[in-house]
């Protein structure tokens, strides 16, 4: 099967899985608009989680390694996401079952929600800060190359390898991966860390739903949507990496620009969600009022609106990035190797 056919087949399966997850959600929650909004938030959590530094670094490193071995790997991002999703499903079920038991003894999980939101905001802002440093390094390299400086592939790889704690921690495992499906185990191991903000948020959703008496099969809609969104972006990232590194043999400027764009999207979305969560906590604690605080409150109280904000940022960022690349004619820049 040719590369194009494999890519089309992969996307058809992923889009089918996303559609199936949403059909399940609509079937379960068609009479509950609030739960549909929560389902949208779980889905956008998955979209956002896929642009975490660890995901980008792992998919980047393995795609580059397999291409150097003469392969054209299409499934790197998909298999990584499937391994990660295995942990997400398992822990979501565990927390839901535990929450039912806790409810009978303690009655309310409101304090968990406040603590979970605080942890989520902290991690998201930390992710934004760490990725911002990487973004500045990539941008400086891009400026040097655009102004006629030499492009050194090893220097760029060194910058990109700094993305993500688990990417550095499990770096020795990258040498053992020789096929796309080997990424399943790496994704599984990454999932064991379970320290990212969006996953904490998903646990909060599962716990709250369980405490309200929803059956366990309905609660599984949330991790299913999370996994579907994450797999779609992870797979797309892997295929774009495949294209970016293929292009880089002819136009290294594309590799630089692609990495700069995806890191920028990660910083922007993490900062927006973390900022909204942090401001919401501050506003609630200090009883702050005004148009700004009212808007922050609306976003925090209406999960569906926050979900649309995340999707809007994704779409706008990529369209703007493509437009800037074409308008500035970066493809015409002669790069010194």
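The values are calculated or read from the model by the stated rules, or taken from the named source; none is laboratory data. All values derive from a computational prediction rather than experimental measurement. For neighbour counting, all protein chains shown are included, and Cβ atoms are generated from backbone atoms with ideal geometry for every residue, glycine included.
Per-structure values
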item	result
Any chance residue 80 is under 15 Å from residue 179 (Cα atoms) and modelled with pLDDT of 90 or more	yes
Test: residue in the range 258-276 that is exposed (fewer than 15 other Cβ atoms within 10 Å of the Cβ), more than 23 Å from residue 140 (Cα to Cα), at pLDDT 80 or above and under 21 Å from the mean Cα position of the chain (by Cα)	no
From 158, 136, residue being within 29 Å of residue 83 (Cα to Cα) and either surrounded by fewer than 18 Cβ atoms within 10 Å (Cβ to Cβ) or modelled with pLDDT under 85 (or both)	158
Residue within the range 218-228 that is assigned to a helix (DSSP H, G or I), surrounded by 24 or more Cβ atoms within 10 Å (Cβ to Cβ) and modelled with pLDDT under 75 present	no
Every pair of residues 6+ apart whose Cβ atoms lie under 8 Å, when the first sits in the range 54-73 and is farther than 14 Å from residue 235 by Cα while the second is surrounded by 24 or more Cβ atoms within 10 Å (Cβ to Cβ) and at pLDDT 80 or above	66/73; 66/76; 67/73
